[in-house]
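For reference, the structure is listed below as structure tokens.
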Amino acid sequence: MSDSYLEIKNVDFTIGGKIKVKNASFAIENEGDTLCILGPSGIGKTTILRTIAGLEKIDKGSIKLNGKLLSSKDNNVEPEDRNISLAFQDNSLFPHYTVEKNILLGAERNKGKRKKKLSFKEIVDFLDIENILPKFPHEISAGEAQRASLARSLLTQPDLLLLDEPLSNVDQSFKEEIQVRLKKILSKLKITTIIVTHDSYEAFYLGTKCAIILDGQIKQFDDPYNVYHFPNSVEVVNFLNRGILIPAKVTGENSLENDDLGTIKGNFIKHYPKGSNVQLLLQPEDLEHDDKSNLKLEVVDRKFRGTNFIYTLKTNSDLLIPVFVHSHHEHQHEADEKFGIKRPINIDHIVCF
Amino acid sequence: MYLKKINFWFLSSLLVSIFVVIPIVTVFTSFFEDTSNYYQILKDTFLFEYIFNSLVLLISVLVLTFLIGTSTAYLVSFYKFPFSNFFKWALILSFAVPPYIYAYSLTAFFENYGTLYSILKNLFGEANYNQSIPKFDGLIGAVLSLSFSLFAYVYILSRASFQYQSQNLIDLGRNLGFSKAKSFYSLILPAARPAIVAGLSLIAMETLAEFGAVDFFSINTLTTGIYNSWITFDDLAFSNRISFFLLLFIFAIFILENLSRKKARYHANTKGGFKQKEKIQLSGSKAFFAFSICFLVFFLSFLFPLSQMLYWTLKFPENLFDIPIVTLILNTLYLVLLSSLVLIIFSLISNYGNRVSKNKTLNALSTLSISGYAIPGVILAVAFITFIAWFDDNVVKALGFLSIKKMFIGSILGLVLVYFVRFYSLAFNGIKSGYEKINISVDESSYLLGYSKKKTFMNIHVPFLRNSLLFVGILISLEIIRELPITLILRPFNFETFATTAYISASEDLLEAAAVPSLFLILIATLFIMLTSKYILRENER
């Protein structure tokens, strides 16, 4: 951890004298990596960014960037001397300058500091904001202001880029395209970035690592794949809200038994002794639909999600289980109908608590 | 840790607060000092009259300004009729006519052998019109002068509130089947109530502080009592005793105003569902009625005093040459520039200090500093003299230094210092409202772009605040041009402004001679109002 590009050690992140995230330690190993911070509203995600940017001070622990101490109880490098850029969630454009002038102010900061540079034109094209350049901040929409603010931050080419919900106001139709472009540009310029978001898909797509913050602490810090597939606590499962926990009994090295679903096979990611009672994480993609199966559950609800349907099924013990079905599947089931589940149930990795 | 908080920003705010607190403390401590025998005599005779007159004046002016201010604001906010857009800003021109000049016009027009007499004589020939021409002097004259000069406070604030009322509110009234009249009484007026109360509180403070008009009509109020006991009886302590009573009145109103402002914020911040109101087009007799009301108010509040002063200036052109106009303009400019500069610089420092330090003590000091506006000019001036005299006798001389009285009393320095206390809230709040439009994350973005605090201030704040500073500068100038009691009491010997020249001529019964400085005063003030009208109206449309 001592050679990490960004190193946060035992820091209490506080705002207005109130501790938001306690005794946090994490690191970004390599320059150019992207860390996504996920967590519910008001949990302290923005406070973390503000503290790293130097806008909030710390009384405990240390923050180092590229080996240089930025914050500790006795040391605090001023925000203007950190070369860290923060794109705020709300509109932080200078109200008396046009969007163009606002963005160009970003270019003034890092003249000649980096080898790989991005021109003003490239960044404007990349974020598709050419038409708003002559306008003033009050004349543009919230989404446009966010893109302009992002452009300004990118143009500073900072040592660390902090983005606070950078696309929260951008239209859904345009959002995915911007995500693709953002990822490409961050990787091209090798800018180390921390992105705060509440959108788990955005975090999984953009992040090299993800940090999940719950109850004033970092609950999980891992690769996006692992965060999704191997959540390390019930709280993380509940936060991601992508499956349910059902009671089961461990029956062997690779199997469990549930009263409603019968035998479930797969690879345990953690060893449990035979006979243990556990809570098994069942995610929507873990079960397969099969009309011929004799394991039938009652359909309670069906949500159409474009590429797929999510059926909510009720078991005999009144558990509600989500199941994905491709939307081109030959037929659909209505509420109260019976829905077949393929047996034997095989789950690639078994997560229990 | 605490020492860290005591920095440049803290000290400058502390200094300003001390300035403002001095007159208040002086008045309160002087209350317990010995006075001359006149106090006993006056207490038994006139004190009750002072309080009674002040109250009658206050209530009458409040009722009249409420009626004039809200009715005209309602008409221009909700309806379209001939010249309604013109009246929207023309009605604030009444600010250009201080109550004392209105009083001169009123007297000049209705007095025996006055302007009205001349008009009737020219129209219908010689006759004894004096008997049938009503006389608007005494208390009625003062009420009319103050009301037509001050109603714009209610007009501006209630218009802003009406303007802000969402179309949804009006649609809701219609949906509930309310008539227009019922909508007005049940929805529109209650929603605008905090704004109206805020406007009336300002008028109440101005009325209690008014000196020129009540003095001209020889009405004994608390304010004239303060001035007279100082001028006639040379009894500063007695002056301060009357000030004490007046301050009690003012504090009550100040508290009321603050309470209502808190509620006003609730309305002003309504963003959701805001839809620009569609004004209703009036036609026929309704349009004529609306036009007539607005024109009548515009005529009585602005055209009437302006034409009266113009008429006399033209009728007695020799006065134009008797009055040193160039000197008066230069004196006015000197005072205006110096005071505006000092006020703007200190207000900027204080505002910026509050913004960057986020210090609660500093914030409290700033709130205290803006209370100077509530204290009448007469009290400020008399208390300032009292304090300087006390300080000179007890501190300066005791330490063996030369007297400082001359440096502060009857000097530009003293004058500017008292203006500072009186108008600091104007400057501070004007700049503050500009600052409130700059989101704090703008400052933070600037730091993150590598700008220092100084560079952020110079490159981001000052350019953005440029219009606010200009607006504040003009507002201060407008107030100083119209200001009478402070200038009258504290000005250096032979240093006159348009206001003092007009007052001196009028108090010597030379109303014709008062016309020229009054006319210049009205014209300069009108120019300033026209320059700021866009801001005043737009500021309130936000």
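The values are calculated or read from the model by the stated rules, or taken from the named source; none is laboratory data. Please read all numbers here as calculations on a predicted model, not as lab measurements. Because the Cβ atoms are built from the backbone with ideal geometry, glycine has one as well, and the counts that use them run over all protein chains shown.
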Check: A:L86 is checked against (1) hydrophobic (A, V, I, L, M, F, W, C); (2) touching a Leu at 6+ places or on another chain (Cβ under 7 Å); (3) buried (at least 18 other Cβ atoms within 10 Å of the Cβ); (4) under 23 Å from B:N359 (Cα atoms) and fails just one. What number does that condition carry?
Finding: (4)
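Does A:E139 satisfy being touching an Asp or Glu at 6+ places or on another chain (Cβ under 9 Å) and free of Cβ contacts under 8 Å to residues at least 12 places away in the same chain? So that I can check it myself, show each step before the final result.
Values: touching an Asp or Glu at 6+ places or on another chain (Cβ under 9 Å): no; free of Cβ contacts under 8 Å to residues at least 12 places away in the same chain: yes.
No: the conditions fail for A:E139.
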Check: Tell me, which strands (runs of 3 or more DSSP E) lie completely within segment A:202-285 with 3 or more residues that are over 15 Å from A:P40 (Cβ atoms)?
Finding: A:244-252, A:255-258, A:262-268, A:277-282
Check: Could we say that B:S507 is surrounded by fewer than 23 Cβ atoms within 10 Å (Cβ to Cβ), in contact (Cβ under 8 Å) with a residue 12 or more places away in the chain and away from chain A (no Cβ under 14 Å) here?
Finding: yes
Note to self: Testing A:L162 on (1) in contact with a helix residue (DSSP H, G or I) (Cβ under 7 Å, 6 or more places away or on another chain); (2) closer than 23 Å to B:V462 by Cα; (3) not in a helix (DSSP H, G or I), one condition comes back false. Which one is that?
What the structure shows: (2)
Item checked: Candidate set: segment B:107-132, residues that are touching a helix residue (DSSP H, G or I) at 6+ places or on another chain (Cβ under 6 Å) and touching a residue at least 40 places away in the same chain (Cβ under 8 Å); chosen: the one surrounded by the most Cβ atoms within 10 Å (Cβ to Cβ) -> B:A108
Next item on the list: Quickly run through segment B:215-270 and pick out the residues that are modelled with pLDDT under 70 and either part of a helix (DSSP H, G or I) or touching a Cys at 6+ places or on another chain (Cβ under 8 Å) (or both).
Entry: B:F254, B:E257, B:N258, B:S260, B:R261, B:K262, B:K263, B:A264, B:R265, B:Y266, B:H267, B:A268
Item checked: Residue check for B:I385: within 17 Å of B:S477 (Cα to Cα) and part of a helix (DSSP H, G or I) -> no
Check: So which helices (runs of 4 or more DSSP H) stay within segment B:274-350 end to end and still have 1 or more residues that are β-branched (V, I, T)?
Finding: B:284-298, B:304-315
Margin query: Cβ contacts < 6 Å: first residue within 12 Å of A:D291 (Cβ to Cβ), restricted to segment A:329-347; second residue surrounded by 12 or more Cβ atoms within 10 Å (Cβ to Cβ) and among the small types (G, A, S), any location; separation 6+ or different chain. Result?
Written below: A:G340/A:S293; A:I341/A:S293; A:K342/A:S293
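Results for (1) farther than 30 Å from B:E278 by Cα; (2) acidic (D, E); (3) modelled with pLDDT under 85; (4) not in a loop (DSSP other than H, G, I, E, B), shown as yes or no for each residue.
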residue: B:L116; (1), (2), (3), (4): yes, no, no, yes
residue: B:N130; (1), (2), (3), (4): yes, no, yes, yes
residue: B:F136; (1), (2), (3), (4): yes, no, yes, no
residue: B:S147; (1), (2), (3), (4): yes, no, no, yes
residue: B:R159; (1), (2), (3), (4): no, no, no, yes
residue: B:I188; (1), (2), (3), (4): no, no, yes, yes
residue: B:I196; (1), (2), (3), (4): no, no, no, yes
Next item on the list: Consider only pairs whose beta carbons are under 6 Å apart and that are at least six residues apart or on different chains; among these, list those whose first residue lies in segment A:83-104 and is closer than 16 Å to A:E130 by Cβ and whose second residue is assigned to a loop (DSSP other than H, G, I, E, B) and of a type outside the set (S, T, N, Q).
Entry: A:T98/A:P134; A:T98/A:F136; A:V99/A:L133; A:V99/A:K135; A:E100/A:L133; A:N102/A:L93; A:N102/A:F94
Next item on the list: Just give me the residues in segment A:109-146 being over 29 Å from the mean Cα position of the chain (by Cα), at pLDDT below 85 and part of a helix (DSSP H, G or I), in sequence order.
Entry: A:R109, A:H138
Check: Being in a loop (DSSP other than H, G, I, E, B) and under 16 Å from A:C210 (Cβ atoms), is that true of even one residue in segment A:9-19?
Finding: no
Note to self: If A:T156 satisfies all but one of (1) away from every other protein chain (no Cβ under 14 Å); (2) hydroxyl-bearing (S, T, Y); (3) in contact (Cβ under 8 Å) with a residue 24 or more places away in the chain, what's the number of the condition it fails?
What the structure shows: (1)
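Could you look through segment B:351-369, keep only residues that are basic (K, R) and in a helix (DSSP H, G or I), and pick out the one that is surrounded by the fewest Cβ atoms within 10 Å (Cβ to Cβ)?
Taking the candidates together, the pick is B:K360.
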Check: From the residues in segment B:402-448 that are surrounded by fewer than 17 Cβ atoms within 10 Å (Cβ to Cβ), farther than 30 Å from B:D392 by Cβ and among the charged types (D, E, K, R), which one is nearest to the other protein chains (Cβ to nearest Cβ)?
Finding: B:K437
Next item on the list: Residue by residue through segment A:20-44, note down the ones that are surrounded by fewer than 21 Cβ atoms within 10 Å (Cβ to Cβ), of a type in the set (G, A, S) and assigned to a strand (DSSP E or B).
Entry: A:S25, A:A27
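Based on what the data block shows, is B:Y451 outside any helix (DSSP H, G or I) and either within 14 Å of chain A (Cβ to nearest Cβ) or at pLDDT below 90 (or both)?
Values: outside any helix (DSSP H, G or I): yes; either within 14 Å of chain A (Cβ to nearest Cβ) or at pLDDT below 90 (or both): yes.
Yes: the conditions hold for B:Y451.
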Notebook entry, point to check: Among (1) under 28 Å from B:N331 (Cα atoms); (2) at pLDDT below 85; (3) within 14 Å of chain A (Cβ to nearest Cβ), which single condition is B:F471 missing?
Noted result: (3)
Note to self: Looking at segment A:288-302, can you tell me whether even one residue there is hydrophobic (A, V, I, L, M, F, W, C), in contact with a His (Cβ under 6 Å, 6 or more places away or on another chain) and farther than 29 Å from A:H198 by Cα?
What the structure shows: yes
Checklist line | Residues located in segment B:454-463, provided they are in contact (Cβ under 8 Å) with a residue 60 or more places away in the chain and either more than 10 Å from chain A (Cβ to nearest Cβ) or touching a Ser or Thr at 6+ places or on another chain (Cβ under 7 Å) (or both) | finding: B:F457
Notebook entry, point to check: Of (1) more than 23 Å from the chain's Cα centre (by Cα); (2) away from every other protein chain (no Cβ under 14 Å), A:I43 satisfies all except one. Which?
Noted result: (1)
Margin query: For the structure I just gave you, tell me whether A:Y228 is crowded, with 17+ Cβ neighbours inside 10 Å, over 21 Å from A:K20 (Cβ atoms) and among the hydroxyl-bearing types (S, T, Y).
Written below: yes
Checklist line | Hits in segment A:301-345 - residues which are farther than 15 Å from A:D260 by Cα, surrounded by 15 or more Cβ atoms within 10 Å (Cβ to Cβ) and over 28 Å from the mean Cα position of the chain (by Cα) | finding: A:H333
Margin query: When the residues of segment A:53-75 are narrowed to those that are in contact with a strand residue (DSSP E or B) (Cβ under 8 Å, 6 or more places away or on another chain), more than 11 Å from every other protein chain (Cβ to nearest Cβ) and outside any loop (DSSP other than H, G, I, E, B), which ends up surrounded by the fewest Cβ atoms within 10 Å (Cβ to Cβ)?
Written below: A:L69
Check: Among the residues of segment A:147-159, how many are at pLDDT below 90 and either in a loop (DSSP other than H, G, I, E, B) or at positive phi (or both)?
Finding: 2
